[in-house]
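The values are calculated or read from the model by the stated rules, or taken from the named source; none is laboratory data. Keep in mind the model is a prediction, meaning the values are calculated, not measured. No Cβ is skipped: glycine too gets one built from the backbone with ideal geometry, and neighbour counts run over all protein chains shown.
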Amino acid sequence: MVKAFFLGGAICLIGQVISHICEIQGLSADECSSWTSLILVLLSILLTGTGIYPKLAKWGGAGALVPITGFANSVAAPAIEYKKEGQVFGIGCKIFTIAGPVILYGIFTSWALGFLYWIWTLVK
């Protein structure tokens with residue numbers, strides 16, 4: 001649990017440093033958020049491709065599941081693993097094996113909650 005705490009904290013610290021650098025550059029809060037997300041996803045994919053992220057995940061366990069980097073890893077890892085089977089039947093079919101359920105249930109949940117909110121505003 002301590003390893004997970006430190007790994008997750010380190011990922012969040014890196015994100016905060018990136019955001020702070022963006023602020024120093026004079027970017028707006030929205031631009032800082034966008035650049036921070038973009039750079040964290042890029043770093044996660046690069047570390048996954050070089051085999052470092054899986055080692056970090058093995059060491060830090062759930063700490064590697066910080067939402068944005070963990071999600072990027074869950075999409076990149078199957079793409080790398082199944083690339084030998086080709087573009088269509090390898091990468092195309094397997095890229096969302098891990099992330100697919102997250103996307104599906106995330107979209108469905110946000111739709112259902114939006115529908116409930118809409119009904120709530122009509123009743124109110």
- [ ] Could you check Asp30 against (1) under 28 Å from Ala4 (Cβ atoms); (2) part of a helix (DSSP H, G or I) and say which number it fails?
- [x] (1)
Open item on the list: I'd like to check something: does segment 95-110 contain any residue that is out of contact with any Ser or Thr (no Cβ under 8 Å at 6 or more places or on another chain), modelled with pLDDT of 80 or more, under 27 Å from Ala10 (Cα atoms) and outside any loop (DSSP other than H, G, I, E, B)?
Closed with: yes
TODO: Would you mind telling me which numbered condition in (1) within 18 Å of Gln16 (Cβ to Cβ); (2) in contact (Cβ under 8 Å) with a residue 40 or more places away in the chain; (3) of a type outside the set (S, T, N, Q) Ala62 fails?
DONE: (1)
TODO: Could you figure out which of (1) surrounded by fewer than 16 Cβ atoms within 10 Å (Cβ to Cβ); (2) within 20 Å of Val102 (Cα to Cα); (3) within 17 Å of the chain's Cα centre (by Cα) isn't true of Thr69?
DONE: (1)
Open item on the list: I need the full set of residues from segment 65-94 which are touching a Ser or Thr at 6+ places or on another chain (Cβ under 7 Å) and under 28 Å from Cys22 (Cα atoms), in order please.
Closed with: Ile68, Thr69, Ala72, Asn73, Ala76
Open item on the list: On the basis of being under 17 Å from the mean Cα position of the chain (by Cα) and either without any contact (Cβ under 8 Å) to a residue 24 or more places away in the chain or surrounded by 13 or more Cβ atoms within 10 Å (Cβ to Cβ) (or both), does Gly26 make the cut?
Closed with: no
TODO: Could you run through segment 80-104 and say how many residues are farther than 25 Å from Lys3 by Cβ and either within 15 Å of the chain's Cα centre (by Cα) or surrounded by fewer than 16 Cβ atoms within 10 Å (Cβ to Cβ) (or both)?
DONE: 16
Task: Complete set of residues in segment 36-53 that are in contact with a helix residue (DSSP H, G or I) (Cβ under 7 Å, 6 or more places away or on another chain) and closer than 17 Å to Val75 by Cβ - done: Ser37, Ile39, Leu40, Val41, Ser44, Ile45, Leu47, Thr48, Gly49, Tyr53
Open item on the list: Return the residues of segment 33-65 that are in a loop (DSSP other than H, G, I, E, B) and of a type in the set (Gly, Ala, Ser); say none if nothing qualifies.
Closed with: Gly51
TODO: For segment 48-56, state whether one or more residues are aromatic (Phe, Trp, Tyr), surrounded by 11 or more Cβ atoms within 10 Å (Cβ to Cβ) and free of Cβ contacts under 8 Å to residues at least 40 places away in the same chain.
DONE: yes
